[in-house]
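So the structure is just underneath, and the comments pick up after that.
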Amino acid sequence: MNRLSLLFVGLLSMACVPASAGTLTVAVAANVQYAFDDLQTAFRKESGHDLKPVYASSGKLTAQIMNGAPFDVFLSADMDYPEKLHKEGHATAAPKVYAYGTLVLWTLKDLDLAKWQGVLAGPAVTRIAVANPKTAPYGRETMKALTYFKLDTALKDKLVFGENISQTNQYIQSRAADVGFTAKSVVVSPEMKGQGKWIELPKESYQPIAQGIVVLAHGAKTNAAIAQQFHDFVLSAKSRAILERHGYLLP
């Protein structure tokens, strides 16, 4: 290959790489953790930019953002927290719904989930894992579902609260809890698929879990173009296909 050809190949290779590849720090609600791996890979392939996720409950992430945590984009487990951030000047625009989450009851024990209400109230179950309803939207909606079925008082002494969905899942996986409420995206993930058994909660028993995305003030100031690019990617057809594969309903 002559020098001219080598120069052409080199220029072509450079053209395929973004001029200024960067890294976004993304605050990610714990229920999105398994889907986020695929979102991160697809975004890197499409844009050349990388993502650094920080996982926690939406409430905890919101508190960190309000206290100055340098996050660029926020993928929340609900709309309330990102709306609060927008109203108080911590986000550049109102949040948009990127997915709807579904509540499931999950166990690794030999329990008959077809009769889950009676099973939870019966002697076979002594510990029920739930995400903290004060900071985790899935925990909040779990408590609404228990109230709907008039189980909140009967099960009160059996509830074990995890800081977020991830810790709740650990309680279930380790069998520290007999059963627990989590996100459908967890039980259908490649990492968890086939472990134990689960059942979806009736949709009428809780508020639809609309999950919102916002570009944060820090991201707009330091990584505006990439932050907006990732925001738009999460709302794109490619991302929607990934989220649907991970058990989310689409807006």
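The values are calculated or read from the model by the stated rules, or taken from the named source; none is laboratory data. Given the structure is predicted, the values throughout are model-derived calculations rather than measurements. Here the Cβ is made from the backbone with ideal geometry for all residues, glycine too, and neighbour counts use every protein chain on show. Keep in mind that these areas ignore ligands, DNA and RNA; they rest on the heavy atoms of the full protein, side chains included. Shrake-Rupley method; radii C 1.70, N 1.55, O 1.52, S 1.80 Å.
From the list [x] 1.16; [y] 1.63; [z] 1.07, can you say which value of Cα Rg over 2.2 N^0.38 Å was derived from the structure given?
[x]
Using the heavy atoms of the protein chains and a 1.4 angstrom probe, tell me the accessible area per residue for the stretch 27-68 in square angstrom. Could you put the intermediate results ahead of the total?
Working: 1630 Å² over 42 residues.
Computed with neighbouring chains in place, this is 39 Å² per residue.
In the stretch 187-251, which trypsin sites (Lys or Arg not before Pro) fall in coil by DSSP and have 14 or fewer other Cβ atoms within 10 Å?
The qualifying sites are Lys193.
Contact order normalised by length for the stretch 106-251, with contacts defined as Cα pairs under 8 Å and 6 or more residues apart; what percent is it?
Computed value for the stretch 106-251: 28 percent relative contact order.
Which far-off residues, 5 or more places away or on another chain, put their amide H under 5 Å from the one on Val214, with H placed in the peptide plane?
Phe74, Ser76
Out of every Cα pair in the stretch 136-225, what percent are spaced more than 21 Å from each other?
43 percent
Tell me the relative contact order for the chain as a rounded percent, counting alpha carbon contacts under 8 Å between residues six or more apart.
Taking the mean separation of contacting Cα pairs over the length of the chain, I get 28 percent.
Quick one: with all protein chains in place, what share of the accessible area of the chain is carbon or sulfur, to the nearest percent (1.4 Å probe)?
It is 56 percent, rounded to a whole number.
How much area per residue is accessible in the stretch 148-251 when the probe is 1.4 Å and only protein heavy atoms are counted (Å²)?
Normalised by residue count, the accessible surface of the stretch 148-251 is 48 Å².
May I ask for the net charge around Leu61, where only other residues with Cβ less than 13 Å from the Cβ of Leu61 are counted and Lys, Arg are +1 while Asp, Glu are -1?
Here the count lands on -2.
Once you charge only the Cβ atoms, +1 for Lys and Arg and -1 for Asp and Glu, what is the size of the charge dipole of the chain about its Cα centre, to the nearest 20 debye? Let's see the in-between values first.
Numbers: 26 positive and 21 negative charges, 22 e Å.
The calculation lands at about 100 debye.
Counting Lys +1, Arg +1, Asp -1, Glu -1, what net charge surrounds Pro95 among other residues with beta carbon under 15 Å of its beta carbon? Don't skip to the end; give the middle numbers.
Working: positive: Lys84, Lys87, Lys96; negative: Asp72, Asp78, Asp80, Glu83, Glu88, Asp232.
So the surrounding residues net to -3.
In whole Å, what is the distance between the alpha-carbon centres of the stretch 175-199 and the stretch 200-251?
Going from one Cα centre to the other spans 22 Å.
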